[in-house]
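Colleague: What follows is a single structure, and I will ask about it in a moment.
The values are calculated or read from the model by the stated rules, or taken from the named source; none is laboratory data. For clarity, every value in this text was computed on a predicted model and none was experimentally measured. Quick reminder, even Gly has a Cβ in these numbers, built from the backbone with ideal geometry, and neighbours come from all protein chains shown.
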Amino acid sequence: MKLILTNEVSGLGTPGDVVEVKDGYGRNFLIPRGYAMRWTRGAEKQIESIKKARDAREIRDQGTAKEVAGQLGALRVRLVTRAGDSGRLFGSITTGDIAEAVKAAGGPILDRRRIEIVNPIKSVGSHKVSVKLHPEVSASVDVEVVAG
């Protein structure tokens, strides 16, 4: 089955890529979740608009990615949120919260889909979060969560 990716799929490709996958994977997983759409000649025109949008927000080369990684490494990100007496949060910190906190701390604008939280952040304290800036460059950000 020939598909056009609309979102980044790990191990498969980035938005705008035309990929060939097994029928079941495309029909039962990629298309229902909105990660891809069927390839047609008319849909090929949409590929161009998807690629233009991706180029506008993507870090172009590895040198720029390393520069942004240096900025993120030196950045102190602090999130103030509601927590109980024991330090447990009401809810958890999301990738969107982290992206906004990095922007508010004077850092670069990050796409929330590039932020990877290995263990859910559900307590007050210092946590490490990974940001995939480029296929070969990732950065680590220290996020301090405080009760407010």
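Colleague: Filter the stretch 129-148 down to the residues that are assigned to a strand (DSSP E or B), over 12 Å from the mean Cα position of the chain (by Cα) and under 16 Å from ASP61 (Cα atoms) and list them by number. So that I can check it myself, show each step before the final result.
Modeller: First, the residues of the stretch 129-148 that are assigned to a strand (DSSP E or B): 129-134, 137-147.
Checking which are over 12 Å from the mean Cα position of the chain (by Cα) leaves us with 137, 139-147.
Across the stretch 129-148, the qualifying residues are VAL137, ALA139.
Colleague: Can you tell me which residues in the stretch 76-122 are touching a Gly at 6+ places or on another chain (Cβ under 6 Å) and more than 16 Å from VAL146 (Cβ to Cβ)?
Modeller: ARG112
Colleague: Right, next: When the residues of the stretch 103-121 are filtered to those that are β-branched (Val, Ile, Thr) and surrounded by 15 or more Cβ atoms within 10 Å (Cβ to Cβ), which remaining residue is farthest from PHE90 (Cα to Cα)?
Modeller: Taking the stretch 103-121 as the starting set, the residues that turn out to be β-branched (Val, Ile, Thr) are 109, 115, 117-118, 121.
In the following step, the residues that additionally are surrounded by 15 or more Cβ atoms within 10 Å (Cβ to Cβ) were identified as 115, 117, 121.
Working: ILE115: 21, ILE117: 18, ILE121: 11 Å.
Applying the filter and picking the extreme gives ILE115.
Colleague: Against the conditions (1) of a type outside the set (Gly, Ala, Ser); (2) under 19 Å from HIS134 (Cβ atoms); (3) within 17 Å of the chain's Cα centre (by Cα), where does ASP61 fall short? Just the number, please.
Modeller: ASP61 satisfies every listed condition except (3).
Colleague: List pairs: first residue in the stretch 1-22 and assigned by TED's automatic domain parsing to the domain that holds LYS51, second residue basic (Lys, Arg) and surrounded by 18 or more Cβ atoms within 10 Å (Cβ to Cβ) anywhere in the structure, Cβ distance under 9 angstrom, at least six positions apart or on different chains.
Modeller: GLU8/ARG114
Colleague: Search the stretch 104-128 for residues being assigned to a loop (DSSP other than H, G, I, E, B) and of a type outside the set (A, V, I, L, M, F, W, C), and hand back the single one that is farthest from the chain's Cα centre (by Cα). Write out each step before concluding.
Modeller: As a first pass, look at the stretch 104-128 and keep what is assigned to a loop (DSSP other than H, G, I, E, B): 105-111, 117-120, 124.
Next, from what is left, pick out any that are of a type outside the set (A, V, I, L, M, F, W, C): 106-108, 111, 119-120.
On the way: GLY106: 19, GLY107: 16, PRO108: 14, ASP111: 5, ASN119: 15, PRO120: 15 Å.
Going through the qualifying residues, I end up with GLY106.
Colleague: Determine whether VAL124 is closer than 18 Å to GLU67 by Cβ, in contact with a Leu (Cβ under 9 Å, 6 or more places away or on another chain) and either surrounded by 15 or more Cβ atoms within 10 Å (Cβ to Cβ) or among the acidic types (Asp, Glu) (or both). Reasoning before the result, please.
Modeller: Numbers: closer than 18 Å to GLU67 by Cβ: no; in contact with a Leu (Cβ under 9 Å, 6 or more places away or on another chain): yes; either surrounded by 15 or more Cβ atoms within 10 Å (Cβ to Cβ) or among the acidic types (Asp, Glu) (or both): yes.
Judged against the criteria, VAL124 is not a match.
Colleague: Being assigned to a helix (DSSP H, G or I), out of contact with any Leu (no Cβ under 8 Å at 6 or more places or on another chain), surrounded by 11 or more Cβ atoms within 10 Å (Cβ to Cβ) and basic (Lys, Arg): is that true of ARG78 here? Lay out the reasoning, then the answer.
Modeller: On the way: assigned to a helix (DSSP H, G or I): no; out of contact with any Leu (no Cβ under 8 Å at 6 or more places or on another chain): yes; surrounded by 11 or more Cβ atoms within 10 Å (Cβ to Cβ): yes; basic (Lys, Arg): yes.
So ARG78 does not fit the description; no.
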